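A short write-up of the structure that comes next.
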Amino acid sequence: MNTWKNRAALLKRRYPAQFEDLPNYMISIDPGWFEPIEEACRRINALLTNEEKALFRWRQIKEKFGGLRMYWNEGGVYMDFMSPDGLEHVVVEPQNPRLSAATRERIAGTVAEAAAKVATRCQTCGEPGTLRQRGSGWLVTACARHVERPDSPDLEPDED
Ligand SMILES: [Zn+2]
């Protein structure tokens, strides 16, 4: 079975330090996006020294406005807002980070690459997709088949 909870559990098993103490409901990964998200975890795991592995933690992974958000402990505060020009983002730098600026930059780069990668992948099936409006305007990244909400319990996060 391939559910939200199983995908979260799989990442926790592969990268226990990255997900330490993070409840499953903070890890909502659509099936079509699992692969790029797992790849980001793998690459971050490879770039951190053993000492740094103790300092890096995911805070939340989710889809928002059809885009991927991977929040981590020293990634600063990330805010979305709608302006007349469309969706904009602001990042407020973290206070007193313990990871070096160079390491944080590499992590941020890896997170940004994952977000760019999923921007052309259907959240549901992983096939080529684009940002589309579902129903009353909800934004999703989807293929033509999955633009309407698929009737699948797999797309609802399990609460622990
Ligand atoms: Zn699809």
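Derivation of every value follows stated rules applied to the coordinates shown; laboratory data play no part. Since this is a predicted model, take the numbers as computed values, not measurements. Virtual Cβ from ideal backbone geometry, glycine too; neighbours counted across all protein chains shown.
Mind pulling the angle between the C-alpha long axis of helix 34-47 and the longest principal axis of the chain? Nearest 10 degrees, somewhere in 0 to 90.
The angle comes out near 10 degrees.
Counting helices only, and only those DSSP H runs with n ≥ 4, report the 222 nm mean residue ellipticity of the chain as the sum of -39,500 (n - 2.57) divided by its residues, in deg cm²/dmol to the nearest 500.
-9000 deg cm²/dmol
On a 0 to 90° scale, report how tilted helix 4-14 is relative to the longest principal axis of the chain, with both axes built from alpha carbons and the result rounded to the nearest 10.
The angle comes out near 30 degrees.
Just name one of Q133, L48, C122: the one whose Cα is farthest towards the positive end of the charge dipole of the chain (beta-carbon charges, Lys/Arg +1, Asp/Glu -1).
The one lying farthest along the dipole's positive direction is L48.
When F34, F65, F56 are ordered from fewest to most other Cβ atoms inside 10 Å of their Cβ, what list results?
F65, F34, F56
Could you give the nm distance between label points at V77 and T49, where each point is 7 Å from its Cα heading toward the beta carbon?
Inter-label distance under the simple model: 3.1 nm.
Going 7 Å from the Cα of T130 in the Cα-to-Cβ direction, what parts of the range 48-89 have a backbone nitrogen less than 19 Å from that spot?
65-68, 86-87
Using +1 on the beta carbon of Lys and Arg, -1 on that of Asp and Glu, and nothing else charged, what's the dipole of the chain about the Cα centre, debye to 20?
The calculated dipole for the chain is roughly 300 debye.
Once both axes come from the Cα atoms, what is the angle between helix 101-118 and the longest principal axis of the chain, in degrees from 0 to 90, rounded to 10?
10
May I ask you to compute the full-extension gain from V92 to A17, defined as 0.36 nm times their residue separation minus their alpha-carbon distance, rounded to one decimal in nm?
24.5 nm
Label A112 and N6 with points 7 Å out from Cα along Cα→Cβ: what is the distance between them in nm?
3.5
So for the chain, taking the charge dipole from beta-carbon charges (+1 Lys/Arg, -1 Asp/Glu), which of P31, V147, M82 sits furthest toward the positive end?
After comparing all options, I get P31.
Gaussian network model of the chain, Cα springs within a sub-10 Å range: biggest mean-square fluctuation belongs to which of A54, A101, A114?
Taking springs between Cα atoms under 10 Å, the residue moving most is A101.
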